[in-house]
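The values are calculated or read from the model by the stated rules, or taken from the named source; none is laboratory data. This structure is a prediction, so every number in the text was calculated from the model and none was measured. With ideal geometry, Cβ positions are generated from the backbone for all residues, glycine too; neighbour counts draw on all protein chains shown. For accessibility, only protein heavy atoms count, side chains too; no ligands or nucleic acids. Shrake-Rupley method; radii C 1.70, N 1.55, O 1.52, S 1.80 Å.
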Amino acid sequence: MHKAMIKVEAERSVAFKSPDYLYPYGTARDNHRNWRFNEKIYEVFKYKHKMLTVLDIGCSGGGFVKDCLDDGCLAIGIEGSDYSKKLKRAEWRTIPDNLFTGDITGEIDIYITDQNDNKERIIFDLITCWDVMEHFKEEDLVKVANNVKKHLSESGVWIMNVSTTDSIHDGVNLHQTVKPREWWIDKFRDLGLEHLHKFEKYFNEQYIRGIKYHSPNSFPLILTTNKKKSPKVPKLSFSTKLLDKYWYGSKSHKRLVKLILVRP
């Protein structure tokens, strides 16, 4: 009997021309996660009476995807480099059926098949990119945005952080589009995606990567294709706001996490 499977059809199996493929750096090291971000996402989408669907573009080691799967989501990661896949690094060893390679600047379609091998495109509630967008050339952003829009629910969100600095390793700048925050907001608006300013205080720098976590020279964006259908911002208690701002992600908290062996 045929088992339902996830399939990724990509115009290019890896991003052959990307500096990250030619000179792997982050893809060979990163595997970040933040359980507090996951908690916040589940609160945002708690009104949904179905399995939450999550796509992480530029998934590197797949840690965030693994956490989402463990929490009961349908989660998929796509990475432009095959470095981690070849070495079975990090979660590529544990969840190989949910991590894929593919060049997101080319045509990409993500499907799930049924017992009759019929294909149905997966529409995601949440799409994420952590320190990814600045790695693309400016002219490739249209294709990236189009791939996201055809896989993103009208009531879904695309969450990312974007670096504002160069990333030079072995004489190669891995960041091909380095622009200020307002440039990115305007660019995405031109591409049919609006930034949801209302969510910034809710997430309060609790992301997989960002100012508090691994990427101090970056800013977050929460995008939607339809503001009227975007999720509502959950209410936070005063104590929760204080914990988000001063405790979660602090040096003391990170040390405690390592000490008691809780997933970081």
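Annotation: residue 56 fulfils all but one of (1) more than 25 Å from residue 173 (Cα to Cα); (2) assigned to a strand (DSSP E or B); (3) open to solvent by less than 70 Å² (accessible area, probe 1.4 Å); the unmet one is (1). Filter the stretch 189-217 down to the residues that are in a strand (DSSP E or B) and touching a strand residue (DSSP E or B) at 6+ places or on another chain (Cβ under 8 Å), then identify the one that is nearest to residue 22 (Cα to Cα). Applying the filter and picking the extreme gives 210. Taken over the stretch 196-220, the residue count meeting the criterion of being over 16 Å from the mean Cα position of the chain (by Cα) and open to solvent by less than 50 Å² (accessible area, probe 1.4 Å) is 5. The residue that is least open to solvent (accessible area, probe 1.4 Å), among those in the stretch 61-120 that are touching a residue at least 60 places away in the same chain (Cβ under 8 Å), farther than 17 Å from residue 18 by Cα and among the hydroxyl-bearing types (Ser, Thr, Tyr), is 113. All of 142, 132 fail the test of being of a type in the set (A, V, I, L, M) and within 11 Å of the chain's Cα centre (by Cα), apart from 132.
Within the stretch 134-188, if we keep just the residues that are part of a helix (DSSP H, G or I) and among the polar types (S, T, N, Q), the residue that is farthest from residue 55 (Cα to Cα) turns out to be 146.
Only one residue in 7, 50 is more than 24 Å from residue 170 (Cβ to Cβ) and either assigned to a loop (DSSP other than H, G, I, E, B) or among the aromatic types (Phe, Trp, Tyr) (or both), so which one is that?
Numbers: 7 fails: either assigned to a loop (DSSP other than H, G, I, E, B) or among the aromatic types (Phe, Trp, Tyr) (or both).
Checking each option against the conditions leaves just 50.
Is it the case that residue 29 is within 13 Å of the chain's Cα centre (by Cα) and of a type in the set (Lys, Arg)? No; evaluated as a whole, the condition is false for this residue.
If you check residue 126 against the conditions, is it in contact (Cβ under 8 Å) with a residue 24 or more places away in the chain, among the hydrophobic types (A, V, I, L, M, F, W, C) and part of a helix (DSSP H, G or I)? When the stated conditions are applied, residue 126 does not pass them. Looking at the stretch 157-202 only, could you name the residues that are in contact (Cβ under 8 Å) with a residue 12 or more places away in the chain and more than 25 Å from residue 214 (Cβ to Cβ)? Answer for the stretch 157-202, where residues must be in contact (Cβ under 8 Å) with a residue 12 or more places away in the chain and more than 25 Å from residue 214 (Cβ to Cβ): 191, 192, 194, 198. Scanning the stretch 225-253 for residues that are assigned to a helix (DSSP H, G or I) and among the hydrophobic types (A, V, I, L, M, F, W, C) turns up 238, 242, 243, 247. Among the residues of the stretch 1-17, those that are of a type in the set (Gly, Ala, Ser) and at pLDDT 95 or above comprise 10, 13, 15.
Could you tell me whether residue 223 is in contact (Cβ under 8 Å) with a residue 24 or more places away in the chain, over 18 Å from residue 157 (Cβ atoms) and open to solvent by less than 20 Å² (accessible area, probe 1.4 Å)? For residue 223, the condition - in contact (Cβ under 8 Å) with a residue 24 or more places away in the chain, over 18 Å from residue 157 (Cβ atoms) and open to solvent by less than 20 Å² (accessible area, probe 1.4 Å) - is not met.
Scanning the stretch 124-134 for residues that are touching a His at 6+ places or on another chain (Cβ under 6 Å) and farther than 12 Å from residue 76 by Cβ returns a single hit, 134.
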